[in-house]
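The values are calculated or read from the model by the stated rules, or taken from the named source; none is laboratory data. Source: prediction; values computed, not measured. Here the Cβ is made from the backbone with ideal geometry for all residues, glycine too, and neighbour counts use every protein chain on show. The accessibility values were calculated without ligands, DNA or RNA, using every heavy atom of the protein model including side chains. Shrake-Rupley method; radii C 1.70, N 1.55, O 1.52, S 1.80 Å.
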Amino acid sequence: MKDILLKEYKLNNMLILKNRIVMAPMTRAKATDELVPTDAMVEYYVRRSSAGLIITEGTVISEDASGYNNVPGIFSEAQVKHWKKVTDKVHHHNGLIFLQIWHVGRVSHPTFLKGKLPIAPSETEMTQRLHRSENLIPGKSRAASVQEIQEIIENYAIAATNAIKAGFDGVEIHGANGYLIDQFLHHHTNRRQDNYGGTPENMARFALDVVRACGEAIGYERVGLRLSPGGYLNQIVGDARDAEVFKFLLAELNKLPIAYIHTGNFDDSQKFSELNQMTMTEFMRKHYHGTLIGCGGYSFKQARENIENNLFDLVAIGRPFIANPDLIDRYIHEKPLVPYHNAMLDTLY
Ligand SMILES: Cc1cc2nc3c(=O)[nH]c(=O)nc-3n(C[C@H](O)[C@H](O)[C@H](O)COP(=O)(O)O)c2cc1C
């Protein structure tokens, strides 16, 4: 019998993955100062086009959505044009590629925002240094106004439309890892009392508004969503009440024909007290009935077992894909993997 990881997977009527191994989104911070993808990035993604689906690094939806230098964007003509080089070549190699679209919210610093404070659902304070922007501590954020929230939703839809113009097969909305959408979904960072806070329905509204705006703009079949129901990154502190917010969100997502949802985590064996001692993936499998991508420290063996045991449908692999551009070939031919080291992040290979 054929290895389940190497079997085709029909995501929907538009998209068929040639295997079940997805390349996880990974920020590489190698775009130009204007946040334009480079030719080295074209080659980096093309080398990995044997993945069933590539999900690109987080790509900012507008100039003020960023908190890092040299991450790519998808709001200028030059960015669209250069991403098109990536998608053309990946398609030429028979690959599929989604663009991960991103707004960091409070995980930023006035340096990136023409001196303004980062926005979040509510006023908060981050004391942790920014990942990859080592000298900066984000500090205080301010509460987004309803008008700003509406503008951001619109910017997500424009970014999704630009992604299709750039030839992507779809977008993954980055709703995980403590960034803006995730900040709305957790009580620790959302203490609003208006339509975007206070109840599970209101706290899930921003995520759903973004999904609907993108779905209406490019078709729901081309929209995926990454989520972290447990609080674990960028100083989100879990709260027992968060589970109700995610249950509401997942129940609503069950009604929409989106492509998939995807666990945002580095170690998916981690169980969360706020999720009834479940892992994030177990929790999402319980409450969401569509395609689920598991991610976070998986070996091929564990991934195969989890797919066979119906914990998830596809596995996303991150760091091993940085160390092994030919990861799929190595898996098929049982060749040893090159171990990942953080120093590999310095260059794009
Ligand atoms: C260098 C690096 C950059 C990352 N950047 C992103 C990102 O842009 N968006 C995202 O959702 N996750 C990001 N992640 C998380 C990965 O998608 C993935 O969840 C994590 O690496 C765990 O998978 P792994 O154990 O297979 O590496 C990043 C991880 C690494 C190592």
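Brief remarks on what is shown
- Selected residue [more than 14 Å from the ligand (Cβ to nearest atom), of a type in the set (Gly, Ala, Ser) and under 25 Å from Pro138 (Cβ atoms)] from Ser62, Ser66, Ser50: Ser62
- Taken together, Ile152, Ile158, Ile173, Ile181 contain a single residue that is outside any loop (DSSP other than H, G, I, E, B), touching a residue at least 40 places away in the same chain (Cβ under 8 Å) and open to solvent by 20 Å² or more (accessible area, probe 1.4 Å), which is Ile158.
- A residue that is acidic (Asp, Glu), within 19 Å of the chain's Cα centre (by Cα) and over 18 Å from Glu221 (Cα atoms) cannot be found anywhere in the stretch 31-42.
- Residue within the stretch 213-228 that is within 16 Å of the ligand (Cβ to nearest atom) and surrounded by fewer than 23 Cβ atoms within 10 Å (Cβ to Cβ) present: no
- Just one of the listed residues (Thr87, Thr38, Thr32) is touching a residue at least 24 places away in the same chain (Cβ under 8 Å), touching a Lys or Arg at 6+ places or on another chain (Cβ under 7 Å), more than 27 Å from Val237 (Cα to Cα) and among the hydroxyl-bearing types (Ser, Thr, Tyr), namely Thr38.
- Filtering the stretch 305-344 to residues that are over 28 Å from Met1 (Cβ atoms), among the aliphatic types (A, V, I, L, M) and touching a helix residue (DSSP H, G or I) at 6+ places or on another chain (Cβ under 7 Å) leaves Ile322, Ala323, Val338, Met344.
- Residue check, Lys247 open to solvent by 50 Å² or more (accessible area, probe 1.4 Å) and either within 16 Å of the ligand (Cβ to nearest atom) or part of a loop (DSSP other than H, G, I, E, B) (or both): no
- Selection from the stretch 286-337 of residues that are β-branched (Val, Ile, Thr) and under 19 Å from the mean Cα position of the chain (by Cα): Thr291, Ile293, Val315, Ile317, Ile322
- From the options Asn195, Asn265, residue that is away from the ligand (no atom under 16 Å from the Cβ), polar (S, T, N, Q) and not in a helix (DSSP H, G or I): Asn195
- Set Phe321, Phe272: member being open to solvent by less than 50 Å² (accessible area, probe 1.4 Å), within 11 Å of the ligand (Cβ to nearest atom), under 22 Å from Ala176 (Cα atoms) and among the aromatic types (Phe, Trp, Tyr): Phe321
- Residue in the stretch 201-212 that is farthest from Ala176 (Cα to Cα), counting only those that are open to solvent by 50 Å² or more (accessible area, probe 1.4 Å) and of a type outside the set (Asp, Glu): Arg212
- Among all positions in the stretch 281-292, there is at least one residue which is within 16 Å of the ligand (Cβ to nearest atom), open to solvent by less than 50 Å² (accessible area, probe 1.4 Å) and part of a strand (DSSP E or B).
For (1) under 18 Å from the mean Cα position of the chain (by Cα); (2) open to solvent by less than 80 Å² (accessible area, probe 1.4 Å), each residue gets a yes or a no:
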{"residue": "Gly58", "(1), (2)": "yes, yes"}
{"residue": "Ile61", "(1), (2)": "yes, yes"}
{"residue": "Ala65", "(1), (2)": "yes, yes"}
{"residue": "Asn70", "(1), (2)": "yes, yes"}
{"residue": "Gln79", "(1), (2)": "no, yes"}
{"residue": "Lys84", "(1), (2)": "no, yes"}
{"residue": "Val90", "(1), (2)": "no, yes"}
{"residue": "His93", "(1), (2)": "no, no"}
{"residue": "Ile97", "(1), (2)": "yes, yes"}
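- Every test in (1) assigned to a helix (DSSP H, G or I); (2) closer than 25 Å to Phe266 by Cα; (3) hydrophobic (A, V, I, L, M, F, W, C); (4) touching an Asp or Glu at 6+ places or on another chain (Cβ under 9 Å) is passed by Ala213 save one, and that test is (2).
Residues checked against (1) within 16 Å of the ligand (Cβ to nearest atom); (2) within 17 Å of Gly224 (Cβ to Cβ):
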residue: Leu5; (1), (2): yes, no
residue: Leu11; (1), (2): no, yes
residue: Met14; (1), (2): no, yes
residue: Leu17; (1), (2): no, yes
residue: Thr27; (1), (2): yes, no
residue: Ala31; (1), (2): yes, no
residue: Glu34; (1), (2): no, no
residue: Thr38; (1), (2): no, no
residue: Glu43; (1), (2): no, no
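For (1) under 15 Å from Leu314 (Cβ atoms); (2) small (Gly, Ala, Ser); (3) assigned to a loop (DSSP other than H, G, I, E, B), each residue gets a yes or a no:
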{"position": "Asn12", "(1), (2), (3)": "yes, no, yes"}
{"position": "Ala29", "(1), (2), (3)": "no, yes, yes"}
{"position": "Thr32", "(1), (2), (3)": "no, no, yes"}
{"position": "Leu35", "(1), (2), (3)": "no, no, yes"}
{"position": "Val42", "(1), (2), (3)": "no, no, no"}
{"position": "Ser49", "(1), (2), (3)": "no, yes, yes"}
{"position": "Ile55", "(1), (2), (3)": "yes, no, no"}
{"position": "Gly58", "(1), (2), (3)": "no, yes, no"}
{"position": "Ala78", "(1), (2), (3)": "no, yes, no"}
